[in-house]
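One structure is given below, encoded as structure tokens.
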Amino acid sequence: MEKNTKQRLMEAAIELFSTKGYAGTGVDEIAQHIGLKGPNLYKYYKGKDDLLDAIRERAGEEYGKGMGVNAKALESIHTQKEFKAFVIQNVEFTLNNEMAKRMRRIYTIEQYRNEMFAEMATKYQLIDLTTFYEQLFKKLIKEGTMIKGDAKIYALEFVAPTMLMIQLCDRNPEQKEYAIKTVKKHINVFIDKYFI
């Protein structure tokens with residue numbers, strides 16, 4: 001029962017943070033969302049920050065499983081076909097996974113109010129992705145799969161349109177089909193331009 005309550009509190013917090021913002025949601029409101037009195041939340045979490053840390057940890061685990069942006073993926077991509085399949089799988093995951101969508105909403109709402117959220121948004125939506133693709137493109141250039149050039153600029157050029165389509169879907173979920181179609185075209189253009 002305790003684990004179930006802890007999980008329910010986390011899910012209530014994710015829902016409320018992603019609609020009202022972290023700053024706009026109180027501990028009492030989170031507890032009341034699942035039928036508890038506010039102080040009961042402290043039996044399961046030290047406070048709102050502790051709850052946020054648990055949410056970030058869970059989101060990290062889901063991202064790790066669903067996105068696969070890691071050293072193993074880096075070493076497993078050698079061809080245009082593998083590259084395209086990897087990117088499409090990641091885009092579909094991030095557009096369909098509720099945790100991913102809600103975390104982006106939280107960062108978007110809070111990034112202008114809280115420096116920590118601004119740093120997290122930059123890390124997850126720019127730095128981590130461009131760093132991964134820069135490393136991947138350096139490897140593919142070295143392997144002779146891509147033309148020689150600045151892998152960092154290639155990464156920025158590749159990631160930016162994809163992130164724009166994800167942001168479009170976050171604001172207008174009915175645009176998902178268009179966004180995925182556009183990302184697939186973008187991948188093809190990028191491959192034609194930079195792959196050998």
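Here are a few things to note about the model shown:
- Straight-distance crosslink candidates among lysines, where the alpha carbon sits under 26 Å from Lys43 and sequence neighbours closer than 8 are dropped: Lys3, Lys6, Lys20
- Heavy-atom surface of segment 10-89, accessible at 1.4 Å and reported per residue (Å²): 54 Å²
- Between helix 176-194 and the chain: long-axis angle, C-alpha atoms, 0 to 90°, nearest 10: 30 degrees
- Alpha-carbon centroids, segment 119-154 and segment 7-58: separation in whole Å: 36 Å
- Here the chain is treated as an ellipsoid with the same Cα gyration tensor; its semi-axes, largest first and in whole Å, are 37, 16, 14.
- Convex hull (Cα only) mean projected area of segment 9-101, reported in nm² to one decimal: 6.8 nm²
- Kirkwood hydrodynamic radius of segment 49-114, from the reciprocal of the average inverse Cα-Cα distance over all distinct pairs: 13.3 Å.
- Computed over segment 123-196, the P(r) curve from all C-alpha pair distances, binned at 10 Å from the origin, holds 20, 45, 28, 7, 0 percent per bin.
- Accessible-area ranking of Ile153, Ile34, Ile196, Ile14, largest first, probe 1.4 Å: Ile196, Ile153, Ile34, Ile14
- Think of the chain as a dipole: +1 on every Lys or Arg Cβ, -1 on every Asp or Glu Cβ, centred on the Cα centre; then among Ala118, Met165, Gly144, Gly144 lies furthest on the positive end.
- Highest mean packing comes first when the peptides 121-127, 172-178 are listed by Cβ atoms within 10 Å, giving 121-127, 172-178.
- With contacts taken as Cα pairs under 8 Å at a separation of at least 6 residues, segment 28-102 carries a relative contact order of 21 percent.
- The slack in the chain from Lys152 to Arg58, taken as 0.36 nm per residue of separation less the alpha-carbon distance, amounts to 30.9 nm.
The values are calculated or read from the model by the stated rules, or taken from the named source; none is laboratory data. Computed from a prediction, not measured in an experiment: that's the story for all the values here. Backbone-built Cβ (ideal geometry, glycine too); neighbour counts: all protein chains shown. SASA here: full protein model, heavy atoms, side chains in, ligands and nucleic acids out. Shrake-Rupley method; radii C 1.70, N 1.55, O 1.52, S 1.80 Å.
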